[in-house]
Structures are given as structure tokens and as C-alpha cells.
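See structure below.
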Amino acid sequence: EILRGPSAGILSPSIVQAGENRWMYFIDASPVGCGTQSTRVKRLRLNNGTPRFGDAEVVNLVQPGFVIWHIEVKHIPRWNESWALYPAYRPGMSCGETSIFLARSADGVNWTSFPRPVAWPGIIPQFERGVYRSAFLIDPENDVVYVWMSGWDSRGRWSKAGVKRRFSELVAHLSSGR
């Protein structure tokens, strides 16, 4: 056992190599878990020894009007930035009724989230009820981002979808707020 925390305290860990440091980002939804009205995004340095939950620091990543539920973080050495892709739900909704958002950070602690979601319930019929989990890959040399998502429809059937897009166009779209 590497790490122990409270129930729902270590959700969706994402390991990132940023320079000389290895970090684990995760969601702390304790003590409620799914349906909680607030979560905290935390990170823990994994460089030396056995990490302890109490050593994790809360990072400044919020999605206004939403509760962040899971997270995937990538460090892009070419830009010396980290990017996060994460599902989030509105307070009062279920953790399965999520939209997917994107954020960026130069230091891994202070994040800038984009106001528009990457994907949302109803973006395609297979995701009518929600877009639940996601993964992504950024190719900075070719200005491309690949996003893979899973979601569910009104009958509870799960589907997967992937998209490839010019990264600069996606960021411009998410930044516009329109």
C-alpha cells in the first residue's frame, strides 16, 4: 500500500513528471463522495519515500459553478506548462451528470480554467445524460489534441467517443465564452 486517505479522499489519481519532480494530482471528495457539493484538487510530491495523504497540498483549480469530479493532468515540457482535463457537475446534480473542462498552469498550483466545456451532456445522442470520464494527449509540435471520452444516454447505455482537433482552435473556442 502506497497511500492511504479518508473514504473518497483520493479519487482519480493522475501521475505527472514535471521537470525533476513527479506529482500525483487527485480529487478529495471526502467524506461524501459522489454527490458532494464541493471537492478539492490536491497534489502530492512522489519523489522520495512513501507519500502521505496529509502531505498533499490543495491547488488552485476550480471550475466556477461546478464540482470537479475526476482529473487527468499532463505536463507539456515544450511549453513548460501543465494541462488538466476533468469532468465536473453542477451542485445538486449527480457525479455522473458531468461536462468535461480544460485548465492550464505554469506552476502546477495556480490554474486557469476555461469558461466553456470541451464536451457536455447532449453533445452527441450517446452522451445525452453525461460525459463521464476522459483522457487526452497534446501534440504541441503539430498543434493537435486528441480527446477520448465515455458517457451515457437517457437509458443508461455507455458509449465511448474520440476527437482530434487543432489545439490552438480548441483553446480559442474554449476561451471565447460564447
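The values are calculated or read from the model by the stated rules, or taken from the named source; none is laboratory data. Keep in mind the model is a prediction, meaning the values are calculated, not measured. Glycine also receives a Cβ, built like all others from the backbone with ideal geometry; neighbour counts cover every protein chain displayed. We work out accessible area using only protein heavy atoms, side chains counted, and drop any ligands, DNA or RNA first. Shrake-Rupley method; radii C 1.70, N 1.55, O 1.52, S 1.80 Å.
Can you give the accessible area of residue 42, probe radius 1.4 Å, in Å² rounded to 10?
Probe radius 1.4 Å; accessible area of residue 42 about 20 Å².
Would you grab the residues whose amide H sits under 5 Å from the one on residue 81? Only those 5+ places off in sequence or on another chain, please, with H modelled 1.01 Å from N.
Under 5 Å from the amide H of residue 81 lie the amide H atoms of 76, each far enough along the sequence or on another chain.
Run the accessible area of region 48-135 with a 1.4 Å probe and give the carbon-and-sulfur part as a rounded percent.
Solvent-exposed carbon and sulfur of region 48-135 make up 50 percent of the total.
For residue 22 and residue 94, calculate 0.36 nm times their separation in residues minus their Cα-Cα distance, and state this gained length in nm to one decimal.
22.7 nm
Of the listed values (i) 19.3; (ii) 18.8; (iii) 16.7, grab the one calculated as Kirkwood radius over Cα pairs in Å from the structure here.
Entry (iii).
Through the Karplus equation 6.51 cos²θ - 1.76 cosθ + 1.60, θ set to phi - 60°, convert the phi angles of region 8-24 into ³J(HN,Hα) values in whole Hz; use x for Gly and Pro.
6, x, 9, 9, 6, x, 10, 9, 10, 9, 10, x, 7, 9, 10, 10, 10
In debye, nearest 20: dipole of region 93-178 around its Cα centre with unit charges on the Cβ of K, R (+) and D, E (-)?
Magnitude of the dipole: close to 300 debye.
Go ahead and run the numbers for FRET between residue 53 and residue 78, Cβ-Cβ distance against an R0 of 22 Å, rounding to 0.05.
Taking R0 as 22 Å, the efficiency between residue 53 and residue 78 is 0.10.
Let a ≥ b ≥ c be the square roots of the eigenvalues of the Cα gyration tensor of region 74-115; is it rounded (a/c under 1.5), or, if not, prolate (a/b larger than b/c) or oblate?
Prolate.
Under 5 Å between amide hydrogens, which residues at least 5 positions from residue 120 or on another chain qualify, with H placed 1.01 Å from N in the peptide plane?
Here the answer is 100, since their amide H atoms fall under 5 Å of that of residue 120.
Suppose all protein chains stay in the model; what accessible area per residue would a 1.4 Å probe give for region 55-139, in Å²?
42 Å²
For region 119-130, what does the Karplus curve 6.51 cos²θ - 1.76 cosθ + 1.60, with θ = phi - 60°, yield as ³J(HN,Hα) per residue in whole Hz, taken in order and with x for Gly and Pro?
8, 8, x, x, 4, 9, x, 5, 10, 4, 8, x
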